[in-house]
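Some notes on the structure that comes next.
The values are calculated or read from the model by the stated rules, or taken from the named source; none is laboratory data. Remember, predicted model here, so these are calculated numbers, not experimental data. Every residue, glycine among them, receives a Cβ derived from its backbone with ideal geometry; neighbour counts consider all protein chains shown.
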């Protein structure tokens, strides 16, 4: 039998004594470290909706329904980025931005998309894949270059490893500058995307 001070505080079934706490001092040391670690999350009181985003979003939703008579489906293409733009685009779907409430959604296939959002300078290995993705997207469509790298190559401009910016491989309709652009900037640019796509659809139907 162990005394209270000697017995293991935690031991998975079948584990040897070397894998567990052998005294309460070890447990308290760990607990003290946990309690003294600074907060790394946003307090609930600071998590308030951004009024500006809500206003832009309402305009975006109205534009989507008036110009497109429905929602805007986006296929994102990472053509060689550092993944920074992908983080910002992914954030658009979280509980804070929640762009689906504005009639915007990301889709898995270019065949279901109205717009292509392309990030990063286009690497030589991705150039053909990007062309095929563009061809697979039904007309009329919009191509958006997301970030400085997608616009002209950014810091990789002139590198032997890239084919250039997106416009050097496929036609581009809208450019969103930034390294990377913030979710708020992307949402604001979506207004232009919706309007341009609406114009293309009207011309196609005439």
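Which of the following residues is crowded, with 21+ Cβ neighbours inside 10 Å and touching a residue at least 60 places away in the same chain (Cβ under 8 Å): 79, 84? Break it down stepwise before answering.
Values: 84 fails: crowded, with 21+ Cβ neighbours inside 10 Å.
The unique qualifying residue is 79.
Would you point out the residue of segment 98-129, among those that are in a strand (DSSP E or B) and farther than 16 Å from residue 193 by Cα, that is farthest from the chain's Cα centre (by Cα)?
The initial filter retains those residues of segment 98-129 that are in a strand (DSSP E or B), namely 104-106, 115-119, 122-123.
Going one step further and asking which of them are farther than 16 Å from residue 193 by Cα, we end up with 122-123.
Working: 122: 18, 123: 20 Å.
Checked segment 98-129; the qualifying residue farthest from the chain's Cα centre (by Cα) is 123.
Would you be able to say whether some residue in segment 77-97 is part of a strand (DSSP E or B), modelled with pLDDT of 80 or more and touching a strand residue (DSSP E or B) at 6+ places or on another chain (Cβ under 8 Å)? Talk me through it step by step, then tell me what you get.
The first filter runs over segment 77-97 and keeps only residues part of a strand (DSSP E or B), leaving 77-78.
Checking which are modelled with pLDDT of 80 or more leaves us with 77-78.
Okay, now just the ones that are also touching a strand residue (DSSP E or B) at 6+ places or on another chain (Cβ under 8 Å), so 77-78.
Yes, segment 77-97 has at least one match.
Just to confirm my filter: which strands (runs of 3 or more DSSP E) fall fully inside segment 141-206 and include at least 1 residues that are over 28 Å from residue 61 (Cβ atoms)?
On the way: elements: 142-146, 162-164, 174-176.
Strands (runs of 3 or more DSSP E) meeting the threshold: 162-164.
Quick check on segment 139-157: of everything there that is touching a strand residue (DSSP E or B) at 6+ places or on another chain (Cβ under 9 Å) and more than 16 Å from residue 115 (Cβ to Cβ), which residue is surrounded by the fewest Cβ atoms within 10 Å (Cβ to Cβ)? Talk me through it step by step, then tell me what you get.
Restricting attention to segment 139-157, the residues satisfying the condition of being touching a strand residue (DSSP E or B) at 6+ places or on another chain (Cβ under 9 Å) are 141-147, 149-153, 156-157.
Still in the list and also more than 16 Å from residue 115 (Cβ to Cβ): 149, 151-153, 156-157.
Numbers: 149: 28, 151: 20, 152: 18, 153: 21, 156: 21, 157: 14.
Step by step, filter segment 139-157, then rank; the result is 157.
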